[in-house]
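The values are calculated or read from the model by the stated rules, or taken from the named source; none is laboratory data. This structure is a prediction, so every number in the text was calculated from the model and none was measured. Cβ sites come from the backbone with ideal geometry, for glycine too, and all protein chains shown count toward neighbours.
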Amino acid sequence: MTKKDVIKDIYKSGWSSFLKTGKGEYSEGNKFGVGIANIVGTGKKVLDIGCGTGKCLLPIRENNNNVIGVDVSDDALAICKEKDLKVFNLNFEIDDIEEVKVLGPFDVVIVTDVLEHLIDPIIVLKDRIYPLLNKGGRCIATVPNFVFYRYRMEIMMGKISHFNNEDRIGFNPPRPYNLGHKTMFNRENLYETFDLAGFKNVQVEPELLSESLGEFWKKSFFKDSRDFIKKTWPTLLAARFLIIGEK
């Protein structure tokens, strides 16, 4: 079995399990996809790497953009095709991407919750994503915050985080280690990663497009504590980072 086949088999299993939960589908209530679409704007040519079932592609297309998606999951791409989205089955880290390259250059390349799954994200950003962008084009990315308070607590208790069980329930058989998440990020190494890949005007912000806190911590009783922590230690309560870099 080739490296490509192994990777496809892993994520085929993961997506099949994920889709059964209903969380992989785009819906009108999808704040994350709509939030990314608002950052993209309108009238752009957009490539979404790791597009899944189109939770970002659909609202971006609805904002009058030309969209193309790439993913390794046949199951996820089948849903995209049902929605008349133009998609390609590619592993962007190791496959020949010529069929996507000829459709560029792109104004925006999106990589949401993808970089942490790569063995060497800098190489992909520098050699594969950066050349696909127009001058002044943007790469918009999100990654899990490895120093999120919940993950810190797990480490303090002698446990290794499985990122809300993403690394366990999605694979058959389940793994006792982080099979999916290969690269860990915090705010500082994200700046360095995008700088080394050649991007300028890099912004790395605690990502507010998704709900990071459990219901318990959202209670009004904790509001003053939340506000204080957000002001003095903003990365502690963010489950993700949002990164924007320009060519």
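What the table shows:
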item: Odd one out for Ile119, checked against (1) of a type in the set (A, V, I, L, M); (2) within 16 Å of Gly50 (Cα to Cα); (3) crowded, with 19+ Cβ neighbours inside 10 Å; result: (3)
item: Matching residues, the stretch 33-62, being part of a loop (DSSP other than H, G, I, E, B), among the polar types (S, T, N, Q) and modelled with pLDDT under 95; result: Thr53
item: Search result, residues across the stretch 125-155 that are in a helix (DSSP H, G or I) and at pLDDT 95 or above; result: Leu125, Lys126, Asp127, Arg128, Ile129, Tyr130, Pro131, Leu132
item: Criterion violated by Gly198 - all others in (1) at pLDDT 60 or above; (2) touching a Gly at 6+ places or on another chain (Cβ under 6 Å); (3) part of a loop (DSSP other than H, G, I, E, B) satisfied; result: (2)
item: Residue list for the stretch 90-117, restricted to those being outside any loop (DSSP other than H, G, I, E, B) and under 21 Å from Thr142 (Cα atoms); result: Phe106, Asp107, Val108, Val109, Ile110, Val111, Thr112, Leu115, Glu116, His117
item: Members of the stretch 31-60 found to be surrounded by fewer than 19 Cβ atoms within 10 Å (Cβ to Cβ) and farther than 16 Å from Leu132 by Cβ, listed by number; result: Lys31, Gly35, Asn38, Ile39, Gly41, Thr42, Gly43
item: Of the criteria (1) closer than 26 Å to Glu192 by Cβ; (2) modelled with pLDDT of 90 or more, which one Ile94 fails; result: (2)
item: Residue in the stretch 96-112 that is nearest to the chain's Cα centre (by Cα), counting only those that are in contact (Cβ under 8 Å) with a residue 40 or more places away in the chain and surrounded by 18 or more Cβ atoms within 10 Å (Cβ to Cβ); result: Thr112
item: Lone qualifier among Lys247, Lys230, Lys223 - being of a type in the set (Lys, Arg), under 18 Å from Tyr130 (Cα atoms) and either surrounded by 15 or more Cβ atoms within 10 Å (Cβ to Cβ) or modelled with pLDDT under 95 (or both); result: Lys247
item: Qualifying residue in the stretch 169-178 (condition: closer than 21 Å to Ala239 by Cβ, of a type in the set (Val, Ile, Thr) and at pLDDT 80 or above); result: no
